[in-house]
Amino acid sequence: MAEALVLETSAFLDLVVGNEEGRAVRDALRSHLVHVSDHAGLAVAMALRALTRRQLLSAAQLARGIQLLATAPFISHPALSLLPAAMSKSDLRLGDALCVELSDRLAAPLVTTDARLATVWPRCWLITVPIAGPRPASAPA
């Protein structure tokens, strides 16, 4: 049986946008059962709309992103059922606390692109990509 993973909202957004981190998230999710708190879809849709309003995404990219959200083959869990336990995680933002609570309940790794969250939740898979740019010159021998 495939291993369960929980997809955190920032990683979900990167996945839908299709940026470099999102492609790395896609690769990490392959062959896994992916679970999400149902608040994440709305949060991603709101972020897509904001990115479009700021002209960082085109209308076509927005439409593609919304279509991906609507058809994502993820197992959705009601945020309201996670809320009582998530509220006790007062050191986290509420959206993060919902994802952490789902990760805890399922005993499943939390896939994120949020380095801050990865420092406070030990069961995170932090997805990063190398920063492109010039390499420092080697020191002379």
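Of note:
- Filtered residue count, the range 1-20, keeping only those that are part of a helix (DSSP H, G or I), of a type outside the set (V, I, T) and within 9 Å of the chain's Cα centre (by Cα): 6
- Residue in the range 107-121 that is of a type in the set (S, T, N, Q), at pLDDT 95 or above, crowded, with 18+ Cβ neighbours inside 10 Å and out of contact with any Gly (no Cβ under 6 Å at 6 or more places or on another chain) present: yes
- The residues of the range 64-92 that are small (G, A, S) and under 17 Å from N19 (Cβ atoms), listed by number, are G65, A72.
- Looking across the range 74-116, the residues that are in a strand (DSSP E or B) and either free of Cβ contacts under 8 Å to residues at least 60 places away in the same chain or acidic (D, E) (or both) come down to I75, S76, H77.
- Taken over the range 65-75, the residue count meeting the criterion of being in contact with a Leu (Cβ under 9 Å, 6 or more places away or on another chain) and either modelled with pLDDT of 95 or more or aliphatic (A, V, I, L, M) (or both) is 6.
- Those residues of the range 29-47 which are closer than 17 Å to L102 by Cβ, touching a residue at least 24 places away in the same chain (Cβ under 8 Å) and not in a loop (DSSP other than H, G, I, E, B), in sequence order: L29, L33, V34, H35, V36, S37, H39, A40, G41, A43, V44
- So Q55, is it modelled with pLDDT under 95 and surrounded by fewer than 18 Cβ atoms within 10 Å (Cβ to Cβ): no
- Residue in the range 49-58 that is in contact (Cβ under 8 Å) with a residue 40 or more places away in the chain and assigned to a loop (DSSP other than H, G, I, E, B) present: yes
- Flag for A139 being modelled with pLDDT under 95 and loosely packed, with under 11 Cβ neighbours inside 10 Å: yes
- Count of the range 83-109 residues, restricted to those that are touching a strand residue (DSSP E or B) at 6+ places or on another chain (Cβ under 8 Å) and hydroxyl-bearing (S, T, Y), is 1.
The values are calculated or read from the model by the stated rules, or taken from the named source; none is laboratory data. Treat the numbers as computed from the prediction; the structure is a model and nothing was measured. Cβ coordinates were reconstructed from backbone atoms using ideal geometry, including for glycine residues, and neighbour counts include every protein chain displayed.
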